Amino acid sequence: MRSLTCIVCPIGCSLSVAEGSPGDDGAATLSITGNHCHRGAVYAQEEIHAPKRVVTATCGIRFQEPDEGSGRNRSSWAPQRVPVKTVIPCPKEKVAELLVDIYNLRLTLPVRGGDMVIPNWQGTGIDVIAVRSVG
Ligand code: SF4
């Protein structure tokens with residue numbers, strides 16, 4: 001028996017998941033209780049068999065020219081990182097690999113909220129976008 005909290009809506013139902021014997025496809029059949037709607041059952045199935053997460057992180061910024069006229073470099077006053085997130089959830093086992101690519105990225109300012117910073121990461125269909133405008 002496994003306990004999960006459904007994160008599909010703010011109600012946050014407490015789910016109990018019991019694994020039965022494997023079916024024809026080799027995956028264990030699941031008995032799910034505690035969900036107030038069908039989406040909770042779908043969430044529990046996915047969480048047990050193929051968990052995914054929306055990934056949020058920050059990217060570095062590529063600084064270059066001094067800020068014209070002021071004599072100071074942008075890095076002395078601009079935010080040092082750009083917040084980013086995946087548009088769709090990423091398979092949990094690939095999250096660490098995706099984070100390495102995000103942390104290795106250096107963005108050139110300005111960046112606008114919604115700008116694509118990594119399109120179709122590794123052909124998975126996962127896009128990474130900027131969450132807010134910087135620069
Ligand atoms: S089971 Fe349905 S009602 Fe309960 S938290 Fe999940 S989505 Fe919301």
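Quick notes
- Residues being closer than 30 Å to ILE129 by Cβ and more than 16 Å from the ligand (Cβ to nearest atom) - total across segment 5-53: 3
- Taking every residue in segment 31-59 that is more than 30 Å from VAL111 (Cβ to Cβ) and assigned by TED's automatic domain parsing to the domain that holds GLU19 and pairing it with any residue that is of a type outside the set (A, V, I, L, M, F, W, C) and surrounded by 14 or more Cβ atoms within 10 Å (Cβ to Cβ), at least 6 positions away or on another chain, the pairs with Cβ-Cβ distances below 6 Å are THR33/SER16; GLY34/SER16; ALA41/ASN35.
- The residues of segment 1-50 that are assigned to a helix (DSSP H, G or I) and surrounded by 12 or more Cβ atoms within 10 Å (Cβ to Cβ), listed by number, are ARG39, GLY40, ALA41, VAL42, TYR43, ALA44, GLN45, GLU46, GLU47, ILE48.
- Residue check, ARG2 of a type in the set (Lys, Arg), at pLDDT 85 or above and over 28 Å from GLY135 (Cα atoms): yes
- Checking PRO10 against (1) under 20 Å from LYS92 (Cβ atoms); (2) under 20 Å from the mean Cα position of the chain (by Cα), the condition it does not meet: (1)
- Of the listed requirements (1) touching a strand residue (DSSP E or B) at 6+ places or on another chain (Cβ under 7 Å); (2) surrounded by fewer than 14 Cβ atoms within 10 Å (Cβ to Cβ); (3) within 15 Å of VAL54 (Cβ to Cβ); (4) of a type in the set (Ser, Thr, Tyr), THR86 misses just one: (2).
The values are calculated or read from the model by the stated rules, or taken from the named source; none is laboratory data. It should be emphasised that the depicted structure is a prediction, and the values quoted were computed from it without experimental measurement. So basically every Cβ, Gly included, is an ideal-geometry build from the backbone, and we count neighbours across all protein chains shown.
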